Amino acid sequence: MAETTNTPVTVLGLGAMGQALAAALLKGGHPTTVWNRTPGKDADLVAAGAIGAASVAEAVQAGGPIIVVLFDHASVHATLDPAVGDLSGRQVINLTSTTPNEARELATWAAAHGIDYLDGGIMAVPSMIGQPGASILYSGSRIIYDQHLEAFELLAAAEYFGDDAGLASTYDFALLANMYTMFTGFLHGAAMMRSVGVTASAFAERAVPWVTAMAQMLPAYGQIIDSGDYTTPIQSLAFHKAALDAINRATRDAGVTVDFVAPIKNLIDRQVADGNGTLEFARTIEELT
Ligand code: FVH
């Protein structure tokens, strides 16, 4: 059992992520109390020195900050609402994936019950916790963030974005949207290549350097968008219209559905039809907002 003089921490939720977080806190020397809705998930953690609690009320008696890492917004309320009397005056750090407005609702709920609230978005998978490359984005109570930054850094690189509890989640979901469209683009390409007998692994070997190289254009797109001036295109919407027309034709020819690429074509077609064909592709953001 690790020797510790550090602040006790409670972790509510021992799914894959909760167990990884609790293990990192234990390893860092924090007395760690854990709870899970379904009993029996704390065995390894208790063997490593954690205290297993039979209820949320018991779990929060440990005295320090309470890290909540459950399934969704509803599960956070299902867990915390019955124990709200035990939480007054306490610090709750919600690392469950919740939308920005759900995070703000939880912050408002917490304030109404005398609970200090910090929201967080975990930009890592469980195996990355405590390792370089993992990051957790925080927003909400600056007091909690400053007071427990040492513990947070045991989990992942920590970054604070401001007192709006919905900020971290907005970054989280915006980055996830960027990730899932990249992943799905890979799957779309692999489906096309499968039509000519090329394996997904062989395609991945080409996709990685290509996508990595193309990602280097994002800062330039950001500068153009922030300037609001789309009149000096890197490549115009008309150029990209021809490309997306061809990609959609080639997709159909390969026997692959256009479910993923047709919406991109539609976004560009609409702007060209409106007379914006000579403008920069990044103007597409104006069609999204
Ligand atoms: N796993 C990952 O790679 C991602 C990385 C980015 C962040 N996410 C979010 O982290 C939250 C927890 O993720 P997880 O992987 O630990 O999720 P599960 O393994 O499914 O565990 C879910 C825990 O939530 C408990 N739970 C579910 N519903 C309720 C409820 N109504 N009341 C109380 N607890 C509930 C569940 O308990 P049990 O099923 O074992 O009884 C687990 O402890 C999540 O928001 C990810 O989006 C992870």
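What tally of residues in the stretch 229-256 results from selecting those that are in contact (Cβ under 8 Å) with a residue 24 or more places away in the chain and either of a type in the set (Phe, Trp, Tyr) or farther than 13 Å from Leu267 by Cα (or both)?
13
Going by the structure shown, is Ile234 out of contact with any strand residue (DSSP E or B) (no Cβ under 7 Å at 6 or more places or on another chain) and either of a type outside the set (Ser, Thr, Tyr) or open to solvent by less than 40 Å² (accessible area, probe 1.4 Å) (or both)?
Spelling it out, it is not the case that Ile234 is out of contact with any strand residue (DSSP E or B) (no Cβ under 7 Å at 6 or more places or on another chain) and either of a type outside the set (Ser, Thr, Tyr) or open to solvent by less than 40 Å² (accessible area, probe 1.4 Å) (or both).
Taking the condition at pLDDT below 95 and in the same structural domain as Ala191 (by TED's automatic domain parsing), does Ile234 pass?
Yes: the conditions hold for Ile234.
Write out, first by first residue and then by second, each pair whose Cβ atoms fall under 6 Å of each other, whose residues are 6+ apart or on separate chains, and whose first residue, in the stretch 271-287, is under 7 Å from Leu237 (Cβ atoms) and in the same structural domain as Met217 (by TED's automatic domain parsing) while the second is open to solvent by less than 30 Å² (accessible area, probe 1.4 Å) and in a loop (DSSP other than H, G, I, E, B).
Leu279/Tyr230; Arg283/Tyr230
Out of the stretch 214-245, which residues are of a type in the set (Val, Ile, Thr) and outside any loop (DSSP other than H, G, I, E, B)?
Ile224, Ile225
What number of residues within the stretch 152-185 satisfy the criterion of being in a helix (DSSP H, G or I) and in contact with a Gly (Cβ under 7 Å, 6 or more places away or on another chain)?
Total satisfying the criteria: 6.
With Thr7, Thr32 as the choices, which residue is open to solvent by less than 50 Å² (accessible area, probe 1.4 Å) and of a type in the set (Ser, Thr, Tyr)?
Only one candidate passes the filter, namely Thr32.
Report whether or not Gly85 is over 25 Å from Tyr138 (Cβ atoms) and in a helix (DSSP H, G or I).
Yes; evaluated as a whole, the condition is true for this residue.
Within the set of pairs 6 or more residues apart or between chains, which connect a residue that is assigned by TED's automatic domain parsing to the domain that holds Gly85 and over 20 Å from Leu176 (Cα atoms) inside the stretch 112-132 to a residue that is within 16 Å of the ligand (Cβ to nearest atom) and open to solvent by less than 70 Å² (accessible area, probe 1.4 Å) with Cβ atoms less than 6 Å apart?
Close Cβ pairs satisfying both conditions: His113/Val84; Ile115/Leu87; Ile115/Val92; Tyr117/Val92; Leu118/Ile93; Leu118/Tyr138; Gly130/Ala24.
For the list (1) closer than 13 Å to Ser97 by Cα; (2) away from the ligand (no atom under 16 Å from the Cβ), I need the number of the one condition that Asp163 fails.
(1)
Would you be able to tell me the number of residues in the stretch 181-199 that are of a type outside the set (A, V, I, L, M, F, W, C) and surrounded by fewer than 14 Cβ atoms within 10 Å (Cβ to Cβ)?
5
Conditions: (1) crowded, with 19+ Cβ neighbours inside 10 Å; (2) near the ligand (Cβ under 10 Å from one of its atoms). Phe71 meets all but one. Number of the miss?
If we test Phe71 against (1) crowded, with 19+ Cβ neighbours inside 10 Å; (2) near the ligand (Cβ under 10 Å from one of its atoms), just (1) comes out false.
The values are calculated or read from the model by the stated rules, or taken from the named source; none is laboratory data. The model shown is predicted, which means the values in this text are computed figures rather than measured ones. All Cβ positions, glycine included, derive from the backbone under ideal geometry; neighbour counts span all protein chains shown. Ligands, DNA and RNA are excluded from the accessible area calculation, which covers all protein heavy atoms including side chains. Shrake-Rupley method; radii C 1.70, N 1.55, O 1.52, S 1.80 Å.
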